[in-house]
Amino acid sequence: MATSPPPEPGSPRQFPDFARPDAGTALVSEWLTGTPERSRAAADAVLDQWQSNELPEALLSLSNFIAEDGAGILHYAQWTSDDAHRAYVKVHRPVMIERIDAEIPGIERPGLTRYRHYRSVVADRTTPATVLIAVHLKADSDQLRQEWVDLTTDTAENEPPAGLVAAHFHLAEDGQGILNLAEWTDVQAHAEALESPTSGLRRRNAWSEKHGIIFGGFKRYYPHRVLAVN
């Protein structure tokens, strides 16, 4: 299986500030591109298109990550509000997408989800992260998903698994979706934490099953580029 390489040591800032307080909304979408080469080309084309225009003040940051298998891109954008985002892309997005598709045809775009950042936990302030784990979950109610996030962050603060750098929990606007964007030192550390019988991840997962939290799987991504606008 082809893989996208991790970032070079000492490279510029690789992750956005997921918990920045002025971000009123976080927009997350995945593009399916097929190969590492197409993924890198598409990821660069997106940020190049944005940088070729006068950037709106409401856009705070735009980041993209390449999937571990190289077959897709995760886009993460922070805006001051959903209304500001909708107003801008209504005018500018069609042209940008047309230019990207002319350069890299055949990109699949399953759709965009709007989130609000809810809580973050920092487990390691000294070790740099090289991989992002995107974990998708769903709960029957907003109250239940907040309870799950609170339990998970409390567990991570008290018993952080080896290799976890930080975890950033987002709640979807539909009232059910949960997205955990977790920064880890490397892929091996994450894999070992999932398999460890003493890891707090096991107890959290048991609580999740008991209370009806639906686990939608995870994907690993390597950071590619960050455009910090404001």
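Across the range 117-220, the relative contact order, built from alpha-carbon pairs under 8 Å that are at least six residues apart, equals 41 percent.
For LYS210, the lysines whose Cα falls under 21 Å of its own Cα, not counting residues fewer than eight places away in the same chain, are LYS138.
Give, rounded to the nearest 20 debye, the magnitude of the charge dipole that the chain has about its Cα centre when Lys and Arg contribute +1 at Cβ and Asp and Glu contribute -1 at Cβ. Numbers along the way, then the final one.
Numbers: 22 positive and 32 negative charges, 31 e Å.
About 140 debye.
Evaluated at 10 °C with a viscosity of 1.306 mPa s, what Stokes-Einstein diffusion coefficient in µm²/s does the range 131-230 have when Rh comes from the Kirkwood expression over alpha-carbon pairs?
Diffusion coefficient, whole number: 112 µm²/s.
Summing Lys and Arg as +1 and Asp and Glu as -1 over all other residues whose Cβ lies under 14 Å from the Cβ of GLU57 gives a net charge of -3. Against the chain, whose longest principal axis comes from its Cα atoms, helix 36-51 is set at around 70 degrees.
ALA45 sits among other residues whose Cβ lies under 9 Å from its own Cβ, and their net charge, with Lys and Arg +1 and Asp and Glu -1, is -2.
A viscosity of 1.002 mPa s and a temperature of 20 °C, combined with the Kirkwood radius over C-alpha pairs in the Stokes-Einstein formula, give the range 64-117 a diffusion coefficient of 163 µm²/s. For the chain, the equivalent ellipsoid built from the Cα gyration tensor has semi-axes of 29, 21, 16 Å, listed from largest to smallest. Of all lysines in the structure, not one lies under 17 Å Cα to Cα from LYS90 without also being fewer than 8 positions from it along the same chain. When you count the other C-beta atoms within 10 angstrom of each residue and take the mean per peptide, 173-182, 79-88 line up highest first as 173-182, 79-88. Summing charges over all other residues whose Cβ lies under 13 Å from the Cβ of ARG119, with Lys and Arg as +1 and Asp and Glu as -1, gives -2.
The numbers here are math on the coordinates, done by the rules we state, and not lab data. Because the structure is a prediction, the values reported are computed rather than measured. As a convention, Cβ positions derive from the backbone with ideal geometry for all residues, glycine included, and neighbour counts pool all protein chains shown.
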